[in-house]
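The values are calculated or read from the model by the stated rules, or taken from the named source; none is laboratory data. None of these values were measured; they are calculated from a predicted model. FYI the Cβ positions are ideal-geometry reconstructions off the backbone, even for glycines, and counts take in every protein chain you see.
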Amino acid sequence: MSHQQPEQSPTYKEALKFWFKLGWISFGGTAGHIALMHDFIVEKKKWISDGLFFHALSICMLLPGPEAQQLAIYIGKQLHGKKGGLTAGLLFVLPPRLFY
């Protein structure tokens, strides 16, 4: 598995749009979110490599807490630094919290 960063890096606005959309999708739970992230980020947009995605997922599975959110934060940080990680983490959990 290659951990190299693919050439197609998203703009912050593109990533922001994806994280916001993902935050509103709660169907499927953790497995559903992880599958959606892999399909969109790795397969369709090629923002990160398959190897980096699964390396990050394996680390997130070892950590206590919500692995899908941790994975979103990690990927956001890889794409846009601390600002991207914070944005991904907040938009992952904020939309559902607005209605509960």
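Quickly run through region 41-51 and pick out the residues that are of a type outside the set (A, V, I, L, M) and crowded, with 19+ Cβ neighbours inside 10 Å. First the steps, then the outcome.
The first filter runs over region 41-51 and keeps only residues of a type outside the set (A, V, I, L, M), leaving 43-47, 49-51.
Answer for region 41-51, where residues must be of a type outside the set (A, V, I, L, M) and crowded, with 19+ Cβ neighbours inside 10 Å: just W47.
Under 8 Å between Cβ atoms, at least 6 apart or on separate chains: pull out the pairs that start in region 46-57 with a residue that is of a type in the set (G, A, S) and end on any residue that is at pLDDT 95 or above and crowded, with 21+ Cβ neighbours inside 10 Å.
From region 46-57, the pairs are A56/L71; A56/Y74; A56/I75.
Does L79 satisfy the condition of being hydrophobic (A, V, I, L, M, F, W, C), modelled with pLDDT of 95 or more and either surrounded by 14 or more Cβ atoms within 10 Å (Cβ to Cβ) or outside any helix (DSSP H, G or I) (or both)?
Judged against the criteria, L79 is a match.
Residues are listed down the side, and each one gets a yes or a no for (1) more than 18 Å from L94 (Cβ to Cβ); (2) touching a strand residue (DSSP E or B) at 6+ places or on another chain (Cβ under 8 Å); (3) modelled with pLDDT of 95 or more; (4) surrounded by fewer than 13 Cβ atoms within 10 Å (Cβ to Cβ):
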residue	(1), (2), (3), (4)
I25	no, no, no, yes
A31	yes, no, no, yes
D39	yes, no, yes, yes
F53	yes, no, yes, no
A56	yes, no, yes, no
G65	no, no, no, yes
A68	no, no, no, no
L71	no, no, yes, no
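Cβ-Cβ distance below 8 Å, separation of 6 or more or different chains: which pairs start in region 71-93 with a residue that is among the charged types (D, E, K, R) and end on one that is assigned to a helix (DSSP H, G or I)?
K77/G84; K77/G85; K77/A88; K83/Y12
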